[in-house]
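These notes are about the structure you will find just below.
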Amino acid sequence: MYTQSMDNMSPEEIREQAAAKKMLRSAEDLQAEQSFEARIDAGDFIEAKDWMPEHYRKTLVRQISQHAHSEIVGMLPEGNWISRAPTLKRKAILLAKVQDEGGHGLYLYAAAETLGTSRDQLLDALHTGRAKYSSIFNYPTLTWADMGVIGWLVDGAAIMNQVPLCRCSYAPYARAMIRICREESFHQRQGYEALLTMMTQGTPAQRDMVQDAVNRWWWPSLMMFGPPDAESPNTAQSMRWGIKRISNDDLRQKFVDATVEQAKVLGVTLPDPALRWNEERQHYDVGPIDWAEFWRVVGGDGPCNRERLAARVDAWEDGAWVREAALAYAAKHAQQEQAA
Ligand SMILES: [Fe+2]
Ligand SMILES: [Fe+2]
């Protein structure tokens, strides 16, 4: 999920890109680049073995790996509630959903590896804080209603972000996204259904709990689409390459328009006094988004940034024996096969 907000280049990448532009390119490279651009313009998909410009490769490694990190860090806030689910049915659903997110991480790491970066390198970037993941997972899950609201709003925003990626020009990413999107629909539905049950059959305290969760998650969900288009410097290039198909602001608008109607059915209020239908635009207007908060959380200073990263590093260290055992088993197996 969650890739719109993460196509920001590191200073190192910006320098490399500038240096690459200055370098004289060979006629062969120029020709390769021209035929690559022609394929993109024709709507062709690019496969792992095909020639691609270095900047295209790097952009994809960054986007796909940060997407993968978001999936596995995204398991943490909801994993927090598995042992406290109110019924066996809710527990089974939540468990399945959190496992799906782990699966999404695996498909995406595999897609990123096709671009020539190893899983160890990708995870090292996460564990040392060099790679980002979606900031939405740096917010805490305070009540059971947060499970429903994450499904409804966070997975709902993820679907808006991800459906266009099923047509991403890089084929291994597009293929992974098709499967992921199917599962995300289930995530959104289960969240909405859990909230609807609480709102229609619950006690006043349960309805208040849902409203409180909506109040806390609404604005961070809108931030999931990334900074406004005017402040999203890589959008134009990513659009040209068919990596990104719809701009941040357009996707955010689509999400708002769909969600306002769903909120009415649920009977919750979205915490924005400026939210109203604009007859002229035929869209809902929203109040100002607190971008200072967005950049603060992206920069590492959200409510749970340290906790989330520490949990991932611990999981990596605790799992070392599994990786060692798997390698030892593979080596033993190879030896036996050679001997036979
Ligand atoms: Fe996911
Ligand atoms: Fe999901």
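The values are calculated or read from the model by the stated rules, or taken from the named source; none is laboratory data. The structure displayed is predicted, hence computed values, not measured ones. Backbone-built Cβ (ideal geometry, glycine too); neighbour counts: all protein chains shown. SASA here: full protein model, heavy atoms, side chains in, ligands and nucleic acids out. Shrake-Rupley method; radii C 1.70, N 1.55, O 1.52, S 1.80 Å.
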Notebook entry, point to check: Taking the convex hull of the alpha carbon atoms in region 26-157, what volume per residue do you get, in Å³?
Noted result: 132
Note to self: Based on alpha-carbon atoms only, what is the radius of gyration of region 183-328 relative to the globular estimate 2.2 N^0.38 Å?
What the structure shows: 1.35
Note to self: Restricting to DSSP loop positions (anything but H, G, I, E, B) with no more than 15 other Cβ atoms inside 10 Å of their own Cβ, which GluC sites (Glu not before Pro) remain in region 54-107?
What the structure shows: none
Notebook entry, point to check: Could you name the lysines in cross-link range of LYS264, using Cα to Cα under 28 Å and dropping any fewer than eight places away on the same chain?
Noted result: LYS89, LYS91, LYS97, LYS254
Item checked: Rg over Rh, two decimals, region 22-95 (C-alpha only, Kirkwood Rh) -> 1.33
Margin query: Computing the accessible area with a 1.4 Å probe over protein heavy atoms, can you report the carbon and sulfur percentage for the chain?
Written below: 57
Next item on the list: List the residues whose amide H sits under 5 Å from the amide H of ILE46, counting only those 5 or more places along or on another chain, with H placed 1.01 Å from N in the peptide plane.
Entry: TYR170, ALA171
Next item on the list: Check every DSSP H run in the chain and write down those whose alpha carbon atoms cover 18 angstrom or more along the long axis and whose mean Kyte-Doolittle hydropathy is -1.0 or greater.
Entry: 27-41, 54-73, 88-113, 171-201, 204-223, 248-266, 320-339
Notebook entry, point to check: Measuring from centroid to centroid over Cα atoms, what is the spacing of region 299-340 and region 196-260 in Å?
Noted result: 34
Note to self: If amide hydrogens are placed 1.01 Å from N in the peptide plane, which non-local residues have theirs closer than 5 Å to the one on ALA131?
What the structure shows: LEU126
Margin query: Taking amide H atoms as placed 1.01 Å from N in the peptide plane, list the residues 5 or more away in sequence, or in a different chain, whose amide H sits under 5 Å from that of GLY300.
Written below: none
Checklist line | Percent breakdown of C-alpha pair distances by 10 Å bin, ordered from the shortest bin, for region 97-153 | finding: 18, 42, 29, 11, 0
Next item on the list: Could you grab the relative contact order for region 130-212? Cα pairs under 8 Å, six or more apart, rounded to a whole percent.
Entry: 35
Notebook entry, point to check: Kirkwood Rh, Cα Rg: Rg to Rh for the chain?
Noted result: 1.00
Margin query: Would you report the distance distribution of C-alpha pairs in region 131-180 as whole percents per 5 angstrom bin, up to the bin with the largest distance?
Written below: 5, 18, 20, 20, 18, 11, 6, 2, 0
Next item on the list: Kindly provide the helix-only [θ] at 222 nm of the chain, computed as the sum of -39,500 (n - 2.57) over DSSP H runs of four or more divided by all residues, to the nearest 500 deg cm²/dmol?
Entry: -21000 deg cm²/dmol
Check: Quick one, what does Rg over Rh come out to for region 300-340 if you take C-alpha atoms and the Kirkwood Rh?
Finding: 1.40
Notebook entry, point to check: If the label point is 7 Å along Cα→Cβ of ALA32, which residues in region 53-77 have backbone nitrogen under 13 Å from it?
Noted result: 53-57
Next item on the list: Sort region 141-222 into rounded, prolate or oblate with this rule: let a ≥ b ≥ c be the square roots of the eigenvalues of the Cα gyration tensor; rounded if a/c is under 1.5, and if a/c is not under 1.5, prolate when a/b is larger than b/c, oblate otherwise.
Entry: prolate
Next item on the list: Can you give me the three principal axis dimensions of region 243-314 from its C-alpha atoms, in Å, biggest first?
Entry: 50, 34, 21
